[in-house]
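What follows is a short report on a single structure.
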Amino acid sequence: MEYILQQFINALSFGAEYALLALGLAIVFSVMGLVNFAHGEVIAIGGYTMVAFATLVTANPWIIILGSVVAAALTSVLLERVAFRPVRYADPTTGLLTAFGVSIVLQNLFLLFVSPRPIAVTSLYFLDVPVDLFGIRISSLQLFETLATLVVIVALTLFLKRTIWGLAMQGASLDFQMVRLMGIRANRVFALAFLISGLLAGLACIFIMARRGSVDPHLGFNPVLMAFVACVVGGFGSLPGAVLGGFLLGIVQVAMLVLLPQEYGGMKDAFVFGIIALILVWRPNGILSPPVEKGDKV
Amino acid sequence: MPRPPTMLDISDLKVFYGPIEAVHGISLCVPEGQCVTLLGPNGAGKSSTISAICGTVKTSGSVKFLGQDLANTDVEDRVRAGISVSPEGRRVFSNLSVEANLLLGAGIRRDRDAIRADIERWFRTFPILGDRRRQMAGTLSGGEQQMLAIARALMSKPRILLLDEPSLGLAPRIVSQIFEMIEQLKQDGMTILLVEQNARQALRISDYAYLLNTGTIQAEGPASSFGQNDELMAKLTGLG
Ligand SMILES: Nc1ncnc2c1ncn2[C@@H]1O[C@H](COP(=O)(O)OP(=O)(O)OP(=O)(O)O)[C@@H](O)[C@H]1O
Ligand SMILES: [Mg+2]
């Protein structure tokens with residue numbers, strides 16, 4: 001029983017991290033149809049900012065955390081401005097290639113100007129301590145991660161439903177031009193989507209760094225891959241889909257870890273992606289794929 | 001009667017889609033407080049003209065609004081200047097509630113209480129929309145969506161309202177209701193540019209009309225004279 005609960009919490013916290021990552025991709029995709037593969041590098045920027053703050057500025061972990069989230073958010077907004085704005089209305093392939101380009105350029109900048117090797121940051125270890133919860137032993141980091149994701153989901157939902165900018169972003173996911181025809185500035189909607197995406201990347205960065213304790217140029221690769229898979233499973237462009245896909249991915253991963261016999265352990269990922277593939281056979285566009293119609297009913 | 005001042009003044013307007021020229025240098029004007037109708041068959045360039053006024057297509061020539069040339073004015077700033085559209089195909093935000101659609105329509109306003117009051121007023125005008133205020137706009141019938149599209153366009157408190165085929169595909173009873181609403185708007189002083197294929201009803205509530213065909217204006221005149229021109233009407237009703 002305890003073992004099951006333990007694994008359940010594992011699945012939940014894995015899922016929470018994937019959901020957080022997937023939301024970052026999905027929010028940008030929903031308004032501009034762009035799969036922002038540079039999202040991983042935004043996370044890496046957050047990691048390098050931690051290094052910079054920890055070595056140059058302060059030992060106070062909260063300031064380090066704040067600094068890295070702000071850096072990730074600003075980077076994301078800056079990328080929209082310099083890289084994605086020029087291809088805003090181009091076809092999706094152009095956007096995709098631009099995102100890959102940005103991702104590669106940033107990785108190379110990290111390689112050239114920082115270091116190809118991992119750099120340790122120990123300031124966040126305090127987030128990861130063992131705690132007793134109802135008699136089971138878990139990591140505080142798992143708890144924080146799950147809670148943070150829940151807070152993000154609630155906050156994002158309120159923002160999307162209760163504010164004019166949230167409504168504009170939802171409207172934009174369906175018919176961007178019509179949002180402009182309401183007098184709502186396209187530039188602001190795009191900037192806002194990237195700002196939120198960057199904040200989510202910064203938040204994810206905290207947990208990733210607290211677990212790994214180091215940053216290297218490829219820090220963002222695996223997270224963005226998982227985010228992408230979660231979005232595909234949940235339905236690209238759908239925010240609830242991103243959350244669902246993230247949690248599903250976490251559950252499937254932990255389930256494979258638990259259920260697969262020892263000798264198949266090395267094939268865990270193959271099984272995970274096999275199940276993902278089956279889900280896509282069942283729902284080719286993802287489980288919660290948004291409707292494609294533009295709402296014109298004759 | 002003195003002619004009211006011109007609100008919208010279009011001259012030598014051409015509209016381009018890539019290499020294709022869809023509108024070939026038309027001129028038209030909409031005086032303040034009047035309803036002007038743009039008639040014409042499918043593909044005539046009516047919607048292209050509306051898009052040109054909104055700033056969403058590539059154009060040459062001039063579109064002047066309140067004496068100001070809009071050539072370098074963004075889509076958003078045109079709305080802020082007082083141009084609002086109920087576009088072809090309605091384009092309500094089907095993934096948002098009826099109420100949210102109206103709130104977005106008022107996206108450029110900051111007077112929260114007045115926005116609320118305006119929304120309630122629309123729900124009194126169209127009780128059916130009020131009944132469905134929390135329902136997704138995508139679940140509304142075509143007629144309800146059209147009412148919502150017009151109400152949404154008016155939420156920005158525009159100086160001029162552009163209506164692109166508001167009666168298209170609707171049952172006769174709903175069509176009359178829509179035209180009654182447009183007439184009421186006009187009586188309340190709204191300036192309207194109406195695109196219609198339903199010539200008879202449109203001319204009845206209009207002051208002036210233009211007939212557009214294959215991207216050029218083929219006839220224009222006071223709406224009443226249009227109505228009396230039997231040959232023209234035969235052609236128009238044949239189209240509608
Ligand atoms: N996005 C576009 N790309 C290329 N050509 C277009 C585009 N939109 C319209 N056209 C062409 O421009 C011409 C005018 O089209 P427009 O939609 O303005 O006509 P309309 O008078 O509104 O017709 P309808 O009554 O069918 O709505 C047509 O020949 C059409 O094929
Ligand atoms: Mg049209």
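The values are calculated or read from the model by the stated rules, or taken from the named source; none is laboratory data. None of the values given here were measured: they were computed from a predicted structure. Cβ coordinates were reconstructed from backbone atoms using ideal geometry, including for glycine residues, and neighbour counts include every protein chain displayed. Note: accessible area is taken over every heavy atom of the protein model, side chains too, but ligands, DNA and RNA are not part of it. Shrake-Rupley method; radii C 1.70, N 1.55, O 1.52, S 1.80 Å.
Among (1) within 15 Å of the chain's Cα centre (by Cα); (2) more than 13 Å from chain A (Cβ to nearest Cβ), there is one condition residue B:165 misses while meeting the rest; what is its number?
Evaluating residue B:165 over (1) within 15 Å of the chain's Cα centre (by Cα); (2) more than 13 Å from chain A (Cβ to nearest Cβ) leaves (2) as the failure.
Out of (1) open to solvent by 40 Å² or more (accessible area, probe 1.4 Å); (2) away from ligand 2 (no atom under 16 Å from the Cβ); (3) in contact with a strand residue (DSSP E or B) (Cβ under 9 Å, 6 or more places away or on another chain); (4) within 13 Å of chain A (Cβ to nearest Cβ), what's the single condition that is false for residue B:6?
For residue B:6, the failing item is (4).
Quick check on segment B:56-77: of everything there that is within 16 Å of ligand 1 (Cβ to nearest atom) and more than 9 Å from every other protein chain (Cβ to nearest Cβ), which residue is least open to solvent (accessible area, probe 1.4 Å)?
B:63
Just one of (1) more than 14 Å from chain A (Cβ to nearest Cβ); (2) away from ligand 2 (no atom under 16 Å from the Cβ); (3) assigned to a strand (DSSP E or B) trips up residue B:33, so point out which.
(3)
Could you list, in sequence order, the residues of segment B:124-141 that are under 13 Å from residue B:177 (Cβ atoms), within 14 Å of chain A (Cβ to nearest Cβ) and crowded, with 16+ Cβ neighbours inside 10 Å?
Within segment B:124-141, the subset under 13 Å from residue B:177 (Cβ atoms) is B:125-129, B:141.
Pick out the ones that are also within 14 Å of chain A (Cβ to nearest Cβ) and you get B:141.
Result: no residue meets the conditions.
Can you list residue pairs whose Cβ atoms sit under 9 Å apart, with the first residue in segment A:282-297 being within 16 Å of residue A:244 (Cβ to Cβ) and within 14 Å of chain B (Cβ to nearest Cβ) and the second being at pLDDT 55 or above and open to solvent by 70 Å² or more (accessible area, probe 1.4 Å)? Count only pairs 6 or more apart in sequence or on different chains.
So the pair list comes out as A:288/A:240; A:289/A:283.
Out of all the residues in segment B:156-190, which are assigned to a helix (DSSP H, G or I), crowded, with 16+ Cβ neighbours inside 10 Å and of a type outside the set (Lys, Arg)?
The answer is B:174, B:175, B:177, B:178, B:179, B:181, B:182, B:183, B:185.
Could you check segment A:1-47 and list, in sequence order, the residues that are surrounded by fewer than 24 Cβ atoms within 10 Å (Cβ to Cβ), over 27 Å from residue A:186 (Cβ atoms) and of a type outside the set (A, V, I, L, M, F, W, C)?
A:2, A:3, A:6, A:7, A:10, A:13
Looking only at segment B:43-55, filter to residues that are within 14 Å of chain A (Cβ to nearest Cβ) and on the phi < 0 side of the Ramachandran plot; which one of those is nearest to ligand 1 (Cβ to nearest atom)?
B:47
Among all residue pairs at least 6 apart or on different chains, which show Cβ distances below 8 Å where the first residue, located in segment B:10-24, is more than 14 Å from chain A (Cβ to nearest Cβ) and hydroxyl-bearing (Ser, Thr, Tyr) and the second is away from ligand 2 (no atom under 16 Å from the Cβ) and open to solvent by less than 70 Å² (accessible area, probe 1.4 Å)?
Pairs that qualify, where the first residue is more than 14 Å from chain A (Cβ to nearest Cβ) and hydroxyl-bearing (Ser, Thr, Tyr) and the partner is away from ligand 2 (no atom under 16 Å from the Cβ) and open to solvent by less than 70 Å² (accessible area, probe 1.4 Å), are B:11/B:27; B:11/B:61; B:11/B:62.
Could you check how many residues of segment B:76-110 are touching a helix residue (DSSP H, G or I) at 6+ places or on another chain (Cβ under 9 Å) and more than 24 Å from residue B:193 (Cα to Cα)?
7
The rows are residues; the columns are (1) under 29 Å from residue A:155 (Cα atoms); (2) modelled with pLDDT of 95 or more.
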residue	(1), (2)
A:193	yes, yes
A:210	yes, no
A:222	yes, no
A:233	yes, no
A:237	yes, no
A:263	no, no
A:268	no, no
A:288	yes, no
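In segment B:78-110, what count of residues is obtained for those that are open to solvent by 40 Å² or more (accessible area, probe 1.4 Å), within 8 Å of chain A (Cβ to nearest Cβ) and in a helix (DSSP H, G or I)?
Matching residues across segment B:78-110 total 2.
Is one or more of the residues making up segment A:130-139 part of a helix (DSSP H, G or I), open to solvent by 50 Å² or more (accessible area, probe 1.4 Å) and either out of contact with any strand residue (DSSP E or B) (no Cβ under 9 Å at 6 or more places or on another chain) or within 14 Å of chain B (Cβ to nearest Cβ) (or both)?
no
If the Cβ limit is 9 Å and pairs must be 6+ apart or interchain, which residue in segment B:185-203 that is within 14 Å of another protein chain (Cβ to nearest Cβ) pairs with which residue that is within 16 Å of ligand 1 (Cβ to nearest atom) and hydroxyl-bearing (Ser, Thr, Tyr)?
Partner pairs satisfying both residue conditions: B:197/B:167.
Consider residue B:41 against the criteria (1) part of a loop (DSSP other than H, G, I, E, B); (2) away from ligand 2 (no atom under 16 Å from the Cβ); (3) of a type outside the set (Phe, Trp, Tyr); (4) touching a strand residue (DSSP E or B) at 6+ places or on another chain (Cβ under 7 Å): it satisfies all of them except one. Which criterion is unmet?
Answer for residue B:41: the failing condition is (2).
Could you list all residues from segment A:182-217 that are open to solvent by 10 Å² or more (accessible area, probe 1.4 Å) and either among the polar types (S, T, N, Q) or touching a Cys at 6+ places or on another chain (Cβ under 7 Å) (or both)?
A:187, A:214
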